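Data block below; observations after.
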Amino acid sequence: MPIIKTEKLTHTYSSGTPFERVAIRDIDFEAERGEYIGIIGATGSGKSTFIQHLNGLLKPTSGNVYFDGVDIHESKHHTKEIRTKVGLVFQYPEYQLFEATVFEDIAFGPKNMGISETDLKERVYEAAGFVGLSEDFMEKSPFELSGGEKRRAAIAGVIAMHPEVLILDEPTAGLDPRGQAEIIHNIMNYKNSRDATIILVTHNMEEIARNVDKIFLLRNSYLIDKGTPAEIFSDAEKLSSMGLKAPTAAIIATRLRALGLPVKEGIYTQNQLREELNAIKTKGGANA
């Protein structure tokens, strides 16, 4: 059974007014426990609206969202409970930091869950460890931290609730390459430690290519495709026509095939491309 599932999920903003707009329409989606899923699409495709339904922040205009087979809107109490099991990290989450210390900010979510003081401290330090913040940071003001450190503290605040599904909206936006790599590494640590389901919304195709098991592609409010990275990135020109850029390795592989080089299909990471070119060179195909 999928840990999270949607059926014919539709959301309309300002319904019945001149400003009515359908943000997502008839989306069927499934995620298994422990999966790492990427959601991609051009700006305005409906990605952010979609993920806000997965923990009940938005209620469907029509359709359903299920967690472990139960509709998350079965009751108000159940919806509230789901928000501790499905954690959502918004884009630029550091703007939501507000407590006096990093410890208090990370503790805010689990404290509202009624966690005991002993368990609360354990959760805070565990979450801080997942995102690479040492104990030295705990008594600092979050506003003293660097941009990357603030981002990690904000993510730790969601991780401290021990969500079974962790959803992140552009978690590396605005960070330098090193900061991006650290955040993705932190997310993978949490996934592996707790067998959590990760749902990542991003415009960074390199991140998607290296990490996810499955990709869902949204366009103009519809879910138009889903598959493995190899399947989704096999047509770089199709992605380009939708305002998306395939991973660099996939683009290079496509161009090399167009030039007549026998580069196999399904290449989308730099390591795959390097190995393929070495294999072709070894076989003498580079001179064909």
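Just to check your reading of the model, which residue among Ile208, Ile199, Ile187 is within 18 Å of Pro2 (Cβ to Cβ) and either in contact with a Gly (Cβ under 6 Å, 6 or more places away or on another chain) or buried (at least 22 other Cβ atoms within 10 Å of the Cβ) (or both)?
Exactly one of Ile208, Ile199, Ile187 is within 18 Å of Pro2 (Cβ to Cβ) and either in contact with a Gly (Cβ under 6 Å, 6 or more places away or on another chain) or buried (at least 22 other Cβ atoms within 10 Å of the Cβ) (or both), namely Ile199.
Could you check Leu97 against (1) touching a strand residue (DSSP E or B) at 6+ places or on another chain (Cβ under 9 Å); (2) surrounded by 14 or more Cβ atoms within 10 Å (Cβ to Cβ) and say which number it fails?
For Leu97, the failing item is (1).
Pairs under 6 Å by beta carbon, first residue assigned by TED's automatic domain parsing to the domain that holds Leu218 and at pLDDT 95 or above in segment 1-22, partner basic (Lys, Arg) and surrounded by 16 or more Cβ atoms within 10 Å (Cβ to Cβ), six or more apart or different chains?
Close Cβ pairs satisfying both conditions: Thr10/Arg25.
Does segment 133-148 contain any residue that is outside any loop (DSSP other than H, G, I, E, B) and either more than 24 Å from Ile183 (Cβ to Cβ) or touching a Pro at 6+ places or on another chain (Cβ under 8 Å) (or both)?
Within segment 133-148, none of the residues are outside any loop (DSSP other than H, G, I, E, B) and either more than 24 Å from Ile183 (Cβ to Cβ) or touching a Pro at 6+ places or on another chain (Cβ under 8 Å) (or both).
Say whether the condition of being out of contact with any helix residue (DSSP H, G or I) (no Cβ under 9 Å at 6 or more places or on another chain), surrounded by 14 or more Cβ atoms within 10 Å (Cβ to Cβ), assigned to a strand (DSSP E or B) and not assigned by TED's automatic domain parsing to the domain that holds Ser146 is met by at least one residue in segment 39-62.
no
Which of the residues belonging to segment 2-38 are in a loop (DSSP other than H, G, I, E, B) and farther than 26 Å from Arg210 by Cα?
Residues of segment 2-38 in a loop (DSSP other than H, G, I, E, B): 2-3, 14-20, 32-35.
Hits for segment 2-38 are Ser14, Ser15, Gly16, Thr17, Pro18, Phe19, Glu20.
Would a scan of segment 209-228 turn up a residue that is part of a helix (DSSP H, G or I), among the aromatic types (Phe, Trp, Tyr), under 17 Å from the mean Cα position of the chain (by Cα) and at pLDDT 90 or above? Walk me through how you get there before you give the answer.
First, the residues of segment 209-228 that are part of a helix (DSSP H, G or I): 209-211.
With the extra rule that they be among the aromatic types (Phe, Trp, Tyr), the set shrinks to none.
No.
Which of the following residues is farther than 21 Å from Tyr268 by Cβ, under 10 Å from the mean Cα position of the chain (by Cα) and either assigned to a helix (DSSP H, G or I) or modelled with pLDDT of 90 or more (or both): Leu166, Leu200? Let's see the steps before the verdict.
Numbers: Leu200 fails: farther than 21 Å from Tyr268 by Cβ.
Going through Leu166, Leu200 in turn, the sole match is Leu166.
Can you go through Asp169, Asp235, Asp213, Asp176 and tell me which one is within 20 Å of Phe50 (Cα to Cα), out of contact with any Asp or Glu (no Cβ under 8 Å at 6 or more places or on another chain) and surrounded by fewer than 22 Cβ atoms within 10 Å (Cβ to Cβ)?
Values: Asp235 fails: within 20 Å of Phe50 (Cα to Cα); Asp213 fails: out of contact with any Asp or Glu (no Cβ under 8 Å at 6 or more places or on another chain); Asp176 fails: within 20 Å of Phe50 (Cα to Cα).
Step by step, each of Asp169, Asp235, Asp213, Asp176 is checked, and only Asp169 is within 20 Å of Phe50 (Cα to Cα), out of contact with any Asp or Glu (no Cβ under 8 Å at 6 or more places or on another chain) and surrounded by fewer than 22 Cβ atoms within 10 Å (Cβ to Cβ).
List, please: which pairs have Cβ atoms under 8 Å, are six or more places apart or on different chains, and start with a residue in segment 123-136 that is at positive phi and end with one that is surrounded by 16 or more Cβ atoms within 10 Å (Cβ to Cβ)?
Gly132/Arg152; Gly132/Glu182; Gly132/Asn186
Taking only segment 91-107 into account, find how many residues are over 22 Å from the mean Cα position of the chain (by Cα) and not in a helix (DSSP H, G or I).
Here the count works out to 4.
The values are calculated or read from the model by the stated rules, or taken from the named source; none is laboratory data. These figures come from a predicted structure and were not determined experimentally. Because the Cβ atoms are built from the backbone with ideal geometry, glycine has one as well, and the counts that use them run over all protein chains shown.
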